[in-house]
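Q: Got a structure for you, questions after.
The values are calculated or read from the model by the stated rules, or taken from the named source; none is laboratory data. Note that the structure is predicted; figures quoted are calculated from it, not measured. Using ideal geometry, Cβ is built from the backbone for each residue, glycine included, and neighbour counts are taken over all protein chains shown. Accessible surface areas use protein heavy atoms only, side chains included; no ligands, DNA or RNA. Shrake-Rupley method; radii C 1.70, N 1.55, O 1.52, S 1.80 Å.
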Amino acid sequence: GDYAALLDLGLGYRHNLTDKATVKLDYALSHTEYDEFTDFNLTIQRGSADIAYDFDAVDAGLSYHHVDARLDSEGFLTMRQASPYLARLFGDSLYLRGAYIWTDKEFDGNPRRDATADSLSADAFVFLNGLSTYLVFGYRHTLEEAEDAQFDYTGHQLSAQINQHVPLFGLDTRLRSRVRYEARDYDEVTTSIGARRDDDRYRFDVSLAVPLGEAVTTAAMYEYADNRSNLDSV
């Protein structure tokens with residue numbers, strides 16, 4: 001057991017190039033500082049850019065993400081990700097989005113872990129009462145190939161969430177419940193266990209956001225994770 005202080009900062013910019021083309025830029029900083037296990041202090045910086053165009057029948061776009069992660073103030077991971085996507089609204093109640101995602105990872109000091117991945121993802125937004133109540137269902141299929149074949153894996157991720165506006169003490173609060181399941185089947189034998197690694201990761205969270213005036217919102221969240229694997233450290 002340990003305690004940690006967490007800091008999250010974000011900046012965003014959006015601009016309409018034309019009545020059909022939009023560009024978005026984002027920067028995010030996340031830092032975790034542990035009281036005792038300082039070797040796990042983690043700083044993550046992420047920059048992203050997204051350009052989208054409305055073709056009337058379908059929305060098309062391209063997004064790019066650049067991530068730099070530092071562990072205990074030392075370089076740990078650099079990740080680049082590019083993703084073209086298509087999306088369309090069907091009537092007033094169904095919004096579908098599909099994407100291809102290319103990822104490149106570089107691990108400082110551990111080049112055997114360097115990898116590239118190809119993913120296909122699909123998301124469905126079901127609006128039951130406009131933005132007041134809606135469901136989100138998602139699926140992602142990933143093939144990752146590393147420099148060391150024991151880290152190659154095929155992954156599947158399923159997720160579902162419900163978002164609701166709930167009146168509470170006269171305030172328009174937002175309640176979100178989300179569940180996610182991820183399975184990773186590794187292609188080759190993991191040397192440390194003498195077997196092919198097999199991971200199953202379950203996660204559930206629920207959050208309540210309460211507005212405190214026009215410019216401030218406070219939120220509370222509970223999160224539960226259950227990671228199962230034949231590799232003990234997972």
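Q: On the given criteria, is Thr154 over 30 Å from Leu208 (Cα atoms), of a type outside the set (D, E, K, R) and surrounded by 13 or more Cβ atoms within 10 Å (Cβ to Cβ)?
A: Against the criterion (over 30 Å from Leu208 (Cα atoms), of a type outside the set (D, E, K, R) and surrounded by 13 or more Cβ atoms within 10 Å (Cβ to Cβ)), Thr154 qualifies.
Q: Restricted to the stretch 199-220, and to residues that are among the β-branched types (Val, Ile, Thr) and either open to solvent by less than 50 Å² (accessible area, probe 1.4 Å) or in contact with a helix residue (DSSP H, G or I) (Cβ under 8 Å, 6 or more places away or on another chain) (or both), which residue is farthest from Ser177 (Cα to Cα)? Full working, then the answer.
A: The initial filter retains those residues of the stretch 199-220 that are among the β-branched types (Val, Ile, Thr), namely 206, 210, 216-218.
Next cut, either open to solvent by less than 50 Å² (accessible area, probe 1.4 Å) or in contact with a helix residue (DSSP H, G or I) (Cβ under 8 Å, 6 or more places away or on another chain) (or both) only: 206, 210.
Details: Val206: 4, Val210: 15 Å.
Checking each candidate, the answer is Val210.
Q: Being open to solvent by 40 Å² or more (accessible area, probe 1.4 Å), over 22 Å from Thr142 (Cβ atoms), part of a strand (DSSP E or B) and not hydrophobic (A, V, I, L, M, F, W, C) narrows it down to one residue among Glu33, Glu106; which is it? Working first, answer last.
A: Values: Glu106 fails: over 22 Å from Thr142 (Cβ atoms).
When all the criteria are applied, what remains is Glu33.
Q: Within the stretch 58-82, how many residues turn out to be of a type outside the set (D, E, K, R), at negative phi and open to solvent by 40 Å² or more (accessible area, probe 1.4 Å)? Lay out the reasoning, then the answer.
A: As a first pass, look at the stretch 58-82 and keep what is of a type outside the set (D, E, K, R): 58, 60-67, 69, 71, 73, 75-79, 81-82.
Now restrict to residues that are at negative phi: 58, 60-67, 69, 71, 75-79, 81-82.
Narrowing further to those that are open to solvent by 40 Å² or more (accessible area, probe 1.4 Å): 58, 62, 64-66, 71, 76, 79, 81.
Adding up the residues that qualify gives 9.
Q: Look at the stretch 1-30 and say how many of its residues are of a type in the set (Gly, Ala, Ser) and either more than 23 Å from Ala82 (Cα to Cα) or loosely packed, with under 10 Cβ neighbours inside 10 Å (or both).
A: Here is the first cut: in the stretch 1-30, the residues of a type in the set (Gly, Ala, Ser) are 1, 4-5, 10, 12, 21, 28, 30.
Narrowing the set further to residues that are either more than 23 Å from Ala82 (Cα to Cα) or loosely packed, with under 10 Cβ neighbours inside 10 Å (or both) leaves 1, 4-5.
Residues flagged as of a type in the set (Gly, Ala, Ser) and either more than 23 Å from Ala82 (Cα to Cα) or loosely packed, with under 10 Cβ neighbours inside 10 Å (or both) within the stretch 1-30 amount to 3.
Q: Also, I was wondering about something else. With respect to the numbered conditions (1) in a strand (DSSP E or B); (2) under 23 Å from Leu131 (Cβ atoms), which one is the sole condition not fulfilled by Ser48?
A: (2) is the only condition that Ser48 fails.
Q: Quick check on my filter: what residues within the stretch 221-233 are hydrophobic (A, V, I, L, M, F, W, C), over 13 Å from Thr190 (Cα atoms) and open to solvent by less than 60 Å² (accessible area, probe 1.4 Å)?
A: Here is the first cut: in the stretch 221-233, the ones hydrophobic (A, V, I, L, M, F, W, C) are 221, 225, 231.
Applying the additional criterion that residues be over 13 Å from Thr190 (Cα atoms) yields 221, 225.
Of everything in the stretch 221-233, just one residue is hydrophobic (A, V, I, L, M, F, W, C), over 13 Å from Thr190 (Cα atoms) and open to solvent by less than 60 Å² (accessible area, probe 1.4 Å), namely Ala225.
Q: Tell me, which residue of the stretch 112-130 that is among the acidic types (Asp, Glu) and open to solvent by less than 50 Å² (accessible area, probe 1.4 Å) is nearest to Leu143 (Cα to Cα)?
A: Taking the candidates together, the pick is Asp114.
Q: Another question, if that's okay. Taking the conditions exactly as written (out of contact with any Leu (no Cβ under 6 Å at 6 or more places or on another chain) and either within 20 Å of Leu77 (Cα to Cα) or open to solvent by less than 60 Å² (accessible area, probe 1.4 Å) (or both)), does Asn41 satisfy them or not?
A: For Asn41, the condition - out of contact with any Leu (no Cβ under 6 Å at 6 or more places or on another chain) and either within 20 Å of Leu77 (Cα to Cα) or open to solvent by less than 60 Å² (accessible area, probe 1.4 Å) (or both) - is met.
Q: All but one of (1) of a type in the set (D, E, K, R); (2) open to solvent by 60 Å² or more (accessible area, probe 1.4 Å); (3) in contact with a His (Cβ under 9 Å, 6 or more places away or on another chain) hold for Glu188, so report the exception by its number.
A: The failed condition is (3).
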